[in-house]
Amino acid sequence: MGLSDPFKRVVKDLKTSVEKREQEREDLGQFQRFFAGSSDMMSLLDESLTYLAVNEAYAAAFGLKCEEFVGKTPRCMFGEEFFEGRIKPSAQRCLRGESVRYHAWMEFPVAGRRYMEVSYSPCRDSANRFFGLAVTVRDITDRERIEEVLLRSEERYRLLVHHAPVSIHEIDREGRVISMNRAGLKMLEAEDASSICGLAYLDFVSSGDRERIRELLDRAFEGVSSQFEFSGNDVGERSFFSSNFIPIKGPDNQVVCVMGVSQDITARRSTDEALEQFHSVTSNQTGMEFLVALTRGLVEQFGVCHAFVSELVNHETLRTMVFCRDGVISDNFEYSRRGTPCEEVLRDGVGFFTSGVQQRFPSDEWLKKEGVEGYTAISFQDPQGRSMGHLGIMDSKPLRRVGLIERLLSVFAPRVGAELSRLKAESSAVESRQRLALALESVRGGVWDWNLDSGKLVPSALWWRDSGSNVPELGPQAQSWEMLVHPEDLPKFREEMDSHLEGRKAVFEVQNRFRRENGAYGWNLVRGRVVDRDPAGRAVRMVGIDIDITERKQMEDQISRVHSLESIGVLAGGIAHDFNNLLTGVIGALSLLRMCVDEKTREHRLACDAEKSAMRAAELTAQLMTFAKGGAPIKRSVAIDLLIRETAGLTLR
């Protein structure tokens, strides 16, 4: 009995289903063998976007095993938002037969955030029947980061070139400009690059420099860089440029174009020429001569009315050191800084008022009186950085060539400060020398400088004058010095000198007799100190002073004699006091004897004469006592005839 048709159909369908499953298993097995060893993350999805299989790299990114993915969906693995936004639209396109590719940042539990290249490809069996989606996920994070770095570098380079203060341009093999940045367009006064690109580069070079620049450009296309200067084209005001040619090579290491980098040096050339002119005028001048030449040169160079150097006298007052008016040096004057442009210069270091300076400082009557319209000045400092004054120019018209003025004033202001500092130092040094000379003059002293290596002794004029010695006769050697010392004082002189030179005494000081030119000796105080020693500690140089103390010594001798006389007076006073005590008894006894004898007798007369002599002795004793006490002698009137008779009578007896 044969099978019915429905049953045959069921058997056929069952057979077909079995064959299909076997084919799918075979295709799945081939797929698994294909991507098993791949380093890319690979997966196979069915039409419902359910995982059929994944490779080891895919599973490792999630920290799972391959079989754990089967039956799950990408929605579970990547989240709702990423699935709906990226995976599902791409898978639907692939189901329609398209191959899809995109780049995206993706989060993985193990690998973390990575930048991936994702590809969707439809999978078909040998009978061209669709059985799934092959998804390949490749990690391109490093490449992406490199590309980002390159993009940022390219952007920075583009911005650098665009905003560079120098002209940067490219030249092709035909010598045409193919690009130029903003600074280059500004130099050429062009509105945009389209008006420049395509023009011959040499058209912007003066006719006198073209051949030389052409040769340098040809060498640049041969791979040789160069640096050069040239002048601009012959139209309009002449300009100067400093430039470089840099060969740019392509992938084949061949020069494809030349990059030019140019800087406008017109202002620098003008400054150099002006500086050279000023240098020729001022190079051999210093001090006030330099200041005068500088201010005159500024007036001539810029065609202005005034150039000046002002010095700060105090916090409120300035004084002109040099004021040049129309090329003529005028009298200097003092003025208050308040309400003047000078106040702003001293505060800020610079002051540039190319026009309208009267309106800016309405309280400055001098500006109105002189009709000043433009004013420019720069301050200068002393070595400690303190403001000393300022250098500037003024004119009755708005100032031109302000850039050149600023550069020249900036160059010369420091030298003005240095010159004024030097003048002040020299003036201070002169005053110090004058004070020293006056001090030495007042004490009759001189200065000496002794080089112990050469033995050379360098004395000052005062030293030779006060010593009374003749320079040519003695010579400049230290031995000449010792020849003038008194022989009795020489040992002490040498002993003190050796003690100081060997470091046993901090200062050399001695008083000695010093022979004068007339052969007589006078007293000197010699004081000195070693000011330089070699590494071994040996004295190399010594300086000091020599003071004539002869008058002081004479005064000391007089005082000593007075003290001696005072001592004698004290001794005489003591003797006189004792002698006066003895005379008191003698006079009393003679008075009693005179009263006891007859007045007509010879004994009475002798007693009277003895009494008178004792009285004179008492008077002499009183005078000695007065001298001992420092009092003035007692003076009185006497009868000279009686004094003669008494004295003669005593003598005759």
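The values are calculated or read from the model by the stated rules, or taken from the named source; none is laboratory data. Values in this document were obtained by computation on a predicted structure and should not be read as measured data. Neighbour counts run over all protein chains shown; Cβ positions are idealised from the backbone, glycine included. Just so you know, the surface numbers come from the protein's heavy atoms only, side chains and all, with ligands and any DNA or RNA stripped out. Shrake-Rupley method; radii C 1.70, N 1.55, O 1.52, S 1.80 Å.
Within segment 197-212, track down each residue that is over 18 Å from Ser239 (Cα atoms) and part of a loop (DSSP other than H, G, I, E, B).
Cys197, Gly198, Leu199
Of everything in segment 102-150, what is over 17 Å from Val54 (Cβ atoms), touching an Asp or Glu at 6+ places or on another chain (Cβ under 6 Å) and open to solvent by less than 100 Å² (accessible area, probe 1.4 Å)? Give them in sequence order.
Of everything in segment 102-150, those that are over 17 Å from Val54 (Cβ atoms), touching an Asp or Glu at 6+ places or on another chain (Cβ under 6 Å) and open to solvent by less than 100 Å² (accessible area, probe 1.4 Å) turn out to be His103, Tyr115, Asp125, Ile140.
Looking at segment 400-411, which of the residues that are in contact with a strand residue (DSSP E or B) (Cβ under 8 Å, 6 or more places away or on another chain) and open to solvent by 20 Å² or more (accessible area, probe 1.4 Å) is farthest from Glu300 (Cα to Cα)?
First pass over segment 400-411, keeping only residues in contact with a strand residue (DSSP E or B) (Cβ under 8 Å, 6 or more places away or on another chain): 402, 405-406, 409-410.
With open to solvent by 20 Å² or more (accessible area, probe 1.4 Å) added as a condition, the list becomes 402, 406, 410.
Details: Val402: 15, Glu406: 16, Ser410: 18 Å.
Among those residues, the one meeting the criterion is Ser410.
Could you list, in sequence order, all residues of segment 541-552 that are buried (at least 16 other Cβ atoms within 10 Å of the Cβ) and more than 16 Å from Lys456 (Cβ to Cβ)?
Of everything in segment 541-552, those that are buried (at least 16 other Cβ atoms within 10 Å of the Cβ) and more than 16 Å from Lys456 (Cβ to Cβ) turn out to be Ile545, Asp546, Ile547, Asp548, Ile549, Thr550.
Right, Ser194: in a helix (DSSP H, G or I), hydroxyl-bearing (Ser, Thr, Tyr) and over 30 Å from Tyr115 (Cα atoms) or not? If you could, list the steps in order and put the result at the bottom.
Working: in a helix (DSSP H, G or I): yes; hydroxyl-bearing (Ser, Thr, Tyr): yes; over 30 Å from Tyr115 (Cα atoms): yes.
Yes: the conditions hold for Ser194.
I'm trying to understand the selection: among the residues of segment 118-143, which are closer than 19 Å to Glu56 by Cβ and either without any contact (Cβ under 8 Å) to a residue 12 or more places away in the chain or not small (Gly, Ala, Ser) (or both)?
Val118, Val135, Thr136, Val137, Arg138, Asp139
Would you say Asp209 is buried (at least 17 other Cβ atoms within 10 Å of the Cβ) and among the acidic types (Asp, Glu)?
Details: buried (at least 17 other Cβ atoms within 10 Å of the Cβ): yes; among the acidic types (Asp, Glu): yes.
Yes; evaluated as a whole, the condition is true for this residue.
Which condition breaks for Asp546 when tested against (1) at pLDDT 70 or above; (2) over 30 Å from Trp450 (Cα atoms)?
Going through (1) at pLDDT 70 or above; (2) over 30 Å from Trp450 (Cα atoms) one by one, Asp546 breaks only (2).
Here are the criteria: (1) without any contact (Cβ under 8 Å) to a residue 60 or more places away in the chain; (2) within 19 Å of His163 (Cα to Cα). Tell me which single one Gly198 does not satisfy.
Condition (2) is where Gly198 drops out.
To keep it simple, each residue is scored yes or no on (1) over 30 Å from Ala104 (Cβ atoms); (2) modelled with pLDDT under 85; (3) hydrophobic (A, V, I, L, M, F, W, C).
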{"residue": "Glu148", "(1), (2), (3)": "no, yes, no"}
{"residue": "Leu151", "(1), (2), (3)": "no, yes, yes"}
{"residue": "Tyr157", "(1), (2), (3)": "no, yes, no"}
{"residue": "Leu160", "(1), (2), (3)": "yes, yes, yes"}
{"residue": "Arg182", "(1), (2), (3)": "yes, no, no"}
{"residue": "Leu185", "(1), (2), (3)": "yes, no, yes"}
{"residue": "Glu191", "(1), (2), (3)": "yes, yes, no"}
{"residue": "Cys197", "(1), (2), (3)": "yes, no, yes"}
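Which of the residues that make up segment 58-69 are surrounded by fewer than 17 Cβ atoms within 10 Å (Cβ to Cβ) and in contact with a Phe, Trp or Tyr (Cβ under 6 Å, 6 or more places away or on another chain)?
None - no residue of segment 58-69 is surrounded by fewer than 17 Cβ atoms within 10 Å (Cβ to Cβ) and in contact with a Phe, Trp or Tyr (Cβ under 6 Å, 6 or more places away or on another chain), so the list stays empty.
Residues in segment 561-574: is at least one farther than 30 Å from Arg513 by Cα, at pLDDT 70 or above, open to solvent by 90 Å² or more (accessible area, probe 1.4 Å) and assigned to a helix (DSSP H, G or I)?
No, segment 561-574 contains no residue that is farther than 30 Å from Arg513 by Cα, at pLDDT 70 or above, open to solvent by 90 Å² or more (accessible area, probe 1.4 Å) and assigned to a helix (DSSP H, G or I).
So which residues in segment 355-366 are surrounded by fewer than 21 Cβ atoms within 10 Å (Cβ to Cβ) and in a helix (DSSP H, G or I), if there are any at all?
Gln358, Gln359, Arg360, Glu365, Trp366
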